[in-house]
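The values are calculated or read from the model by the stated rules, or taken from the named source; none is laboratory data. Predicted model only: the values in this text are computed from it and were never measured. Quick reminder, even Gly has a Cβ in these numbers, built from the backbone with ideal geometry, and neighbours come from all protein chains shown. Note: accessible area is taken over every heavy atom of the protein model, side chains too, but ligands, DNA and RNA are not part of it. Shrake-Rupley method; radii C 1.70, N 1.55, O 1.52, S 1.80 Å.
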Amino acid sequence: MSETVYLNGEFVPKSDAKVSVLDRGFIFGDAVYELLPAYNRRLFRLREHLARLRYSLASVRIANPYDDERWSELLQRVVDANPWDDQSVYLQVTRGVAPRDQPFPSPPVEPTVLIMSSPLRQPTEAQRAEGYKVITREDYRWLRCDIKTTSLIANCLLRQEAVDAGCAEVILLRDGKVTEASSANVFIVKDGIIVAPPKDHLILPGITYDLVLELAKAHELPFEMRDIPLTELYASDEVWLTSSIREIMPVTVVDGMPVGNGAPGPVYRAMYALYQDYKEKYARG
Ligand code: PMP
């Protein structure tokens with residue numbers, strides 16, 4: 001069965017979907033995106049992803065091509081047109097096609113809209129049991145990491161450094177404080193308290209970040225949002241990474257040193273169970 005994508009008003013086979021070489025997404029990375037899972041063909045945390053999309057579009061001054069209702073319908077149609085029950089759904093909006101010039105095209109052109117999907121590939125049980133090895137690096141990205149832009153060259157370079165070091169991810173530090181990972185948010189646990197860096201312009205406001213804190217609140221697990229210096233990262237009992245696709249992943253090695261006793265910790269296991277419970281209720285409707 002062929003894979004179907006949505007491109008600029010049409011549902012077409014993935015292999016037939018083409019955009020112009022003059023698309024500003026291609027030329028400048030002038031585009032924003034979202035990535036969200038569908039479990040049992042139901043889009044998870046859709047409302048929250050659409051709210052973040054609205055924020056990203058407004059931040060880069062691209063007019064939102066659709067209202068939330070239309071977005072929901074188009075995303076669901078892509079999910080329904082593809083052969084997998086669990087999917088990873090990607091949407092991208094670029095400023096559109098125009099002669100190469102930095103200022104925005106005037107008058108504005110139609111944005112390019114792509115929705116595509118692939119089978120949801122999540123970490124295996126073995127990977128969860130072992131946890132991730134990560135390195136730390138200086139966060140040299142720009143100062144608007146709260147916008148979910150496709151301009152991800154710095155993230156790609158930093159992530160490749162992790163891969164070259166035999167690690168799964170890289171935790172980034174700005175002025176000696178943890179921001180996030182190349183494609184995930186970071187949490188630590190110390191003395192039973194869950195700690196996350198504050199949501200500001202230096203990190204992506206993760207949908208999973210919010211859900212983890214929502215679950216912590218609902219189940220009376222203590223948490224704080226505050227700066228995490230590198231020394232505290234090294235001294236933490238647990239470190240987690242969160243993202244929509246990887247959900248919550250334990251980190252067991254940072255810069256070659258074990259986190260806590262080097263195995264996924266009890267607060268991770270409790271939070272992971274709460275997350276799975278929440279997700280399964282959702283997927284069942
Ligand atoms: N930070 C960055 C830089 C990311 O790319 C991602 C994944 N999109 C996240 C955090 C986690 O965000 P979410 O929980 O919304 O997937």
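Some points to look at:
- Qualifying position, being more than 12 Å from the ligand (Cβ to nearest atom) and in a loop (DSSP other than H, G, I, E, B), among Gln127, Gln122: Gln122
- Odd one out for Gly260, checked against (1) in contact (Cβ under 8 Å) with a residue 40 or more places away in the chain; (2) open to solvent by 10 Å² or more (accessible area, probe 1.4 Å): (1)
- Subset of segment 177-205 [under 19 Å from Gly131 (Cβ atoms), of a type outside the set (Val, Ile, Thr) and within 15 Å of the ligand (Cβ to nearest atom)]: Glu180, Ala181, Ser182, Ser183, Ala184, Asn185, Phe187, Ala196
- Hey, Glu138 in contact with a strand residue (DSSP E or B) (Cβ under 8 Å, 6 or more places away or on another chain) and either at pLDDT 95 or above or loosely packed, with under 14 Cβ neighbours inside 10 Å (or both) or not: yes
- Of residues in segment 103-119 being outside any strand (DSSP E or B) and closer than 24 Å to Leu35 by Cα, the one most open to solvent (accessible area, probe 1.4 Å): Glu110
- Any chance Arg174 is buried (at least 16 other Cβ atoms within 10 Å of the Cβ) and either at pLDDT below 95 or away from the ligand (no atom under 15 Å from the Cβ) (or both): no
- Among the candidates Arg47, Arg54, Arg42, Arg70, residue that is in contact (Cβ under 8 Å) with a residue 24 or more places away in the chain and of a type in the set (D, E, K, R): Arg42
- Ser151 vs. criteria within 12 Å of the ligand (Cβ to nearest atom) and closer than 22 Å to Gly256 by Cβ: no
Residue-by-condition table, conditions (1) open to solvent by less than 10 Å² (accessible area, probe 1.4 Å); (2) β-branched (Val, Ile, Thr); (3) assigned to a helix (DSSP H, G or I):
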{"residue": "Glu48", "(1), (2), (3)": "no, no, yes"}
{"residue": "Ala51", "(1), (2), (3)": "no, no, yes"}
{"residue": "Leu74", "(1), (2), (3)": "yes, no, yes"}
{"residue": "Trp84", "(1), (2), (3)": "no, no, no"}
{"residue": "Asp101", "(1), (2), (3)": "no, no, no"}
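- Scanning segment 146-162 for residues that are under 30 Å from Ser72 (Cα atoms) and in a helix (DSSP H, G or I), we see that the one that is least open to solvent (accessible area, probe 1.4 Å) is Asn155.
- Cβ-Cβ contacts under 8 Å between residues 6 or more apart (or on different chains), taken from a first residue in segment 231-243 that is without any contact (Cβ under 8 Å) to a residue 24 or more places away in the chain to a second residue that is open to solvent by less than 10 Å² (accessible area, probe 1.4 Å), are listed as Tyr234/Val254.
- Condition met for Leu143 (within 16 Å of the ligand (Cβ to nearest atom), surrounded by fewer than 17 Cβ atoms within 10 Å (Cβ to Cβ) and of a type in the set (A, V, I, L, M)): yes
- Once segment 50-86 is narrowed to residues that are among the aliphatic types (A, V, I, L, M) and under 18 Å from Glu110 (Cα atoms), the residue that is farthest from the ligand (Cβ to nearest atom) is Ala63.
- If you go through segment 15-31 and keep only what is open to solvent by less than 70 Å² (accessible area, probe 1.4 Å) and part of a helix (DSSP H, G or I), you end up with Arg24, Gly25, Ile27, Phe28.
- Checking each residue of segment 197-218 against the condition of being outside any helix (DSSP H, G or I), over 24 Å from Glu138 (Cα atoms) and either open to solvent by 10 Å² or more (accessible area, probe 1.4 Å) or free of Cβ contacts under 8 Å to residues at least 24 places away in the same chain (or both) gives no match.
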